[in-house]
1. Could you count how many residues in segment 58-77 are modelled with pLDDT of 65 or more and in contact with a helix residue (DSSP H, G or I) (Cβ under 8 Å, 6 or more places away or on another chain)?
2. Any residue in segment 32-49 that is farther than 18 Å from H21 by Cα sitting within a Cβ distance under 9 Å of a residue that is among the charged types (D, E, K, R)? List the pairs, counting only those 6 or more apart or interchain.
3. What number of residues within segment 23-36 are part of a helix (DSSP H, G or I) and surrounded by 13 or more Cβ atoms within 10 Å (Cβ to Cβ)?
Amino acid sequence: MEEQNEMLKIVTPMMEHVCDHLCRFPGEISDQEELDKICGGCQMGDHICNILNTYNWVSSSGAQTLQEQAAHENMVADWKWHLNERFSRGV
């Protein structure tokens, strides 16, 4: 549990930075209620859970085989898609 607390110390500021400085929606939407709806549907919380779960899995299982590591590649692909979709700014 202590290790997860250490991990939370890392991912919480990361999430705050992404939401506060990289997300495109606060700059595009001035209505707080509408912004709250969008933020409520954001997948950042899911990604943080995936990061923590993967960290816990790696910590508890020791060395990974390539086959085990491949099971997590979909999570990485989803994360990259989400970053591109959610945080690319229309210029």
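1. Number of matching residues: 5.
2. Listed by first residue and then by second, the contacts come to D46/D78.
3. Adding up the residues that qualify gives 3.
The values are calculated or read from the model by the stated rules, or taken from the named source; none is laboratory data. Remember, it's a predicted structure, so these values are computed and weren't measured experimentally. Because the Cβ atoms are built from the backbone with ideal geometry, glycine has one as well, and the counts that use them run over all protein chains shown.
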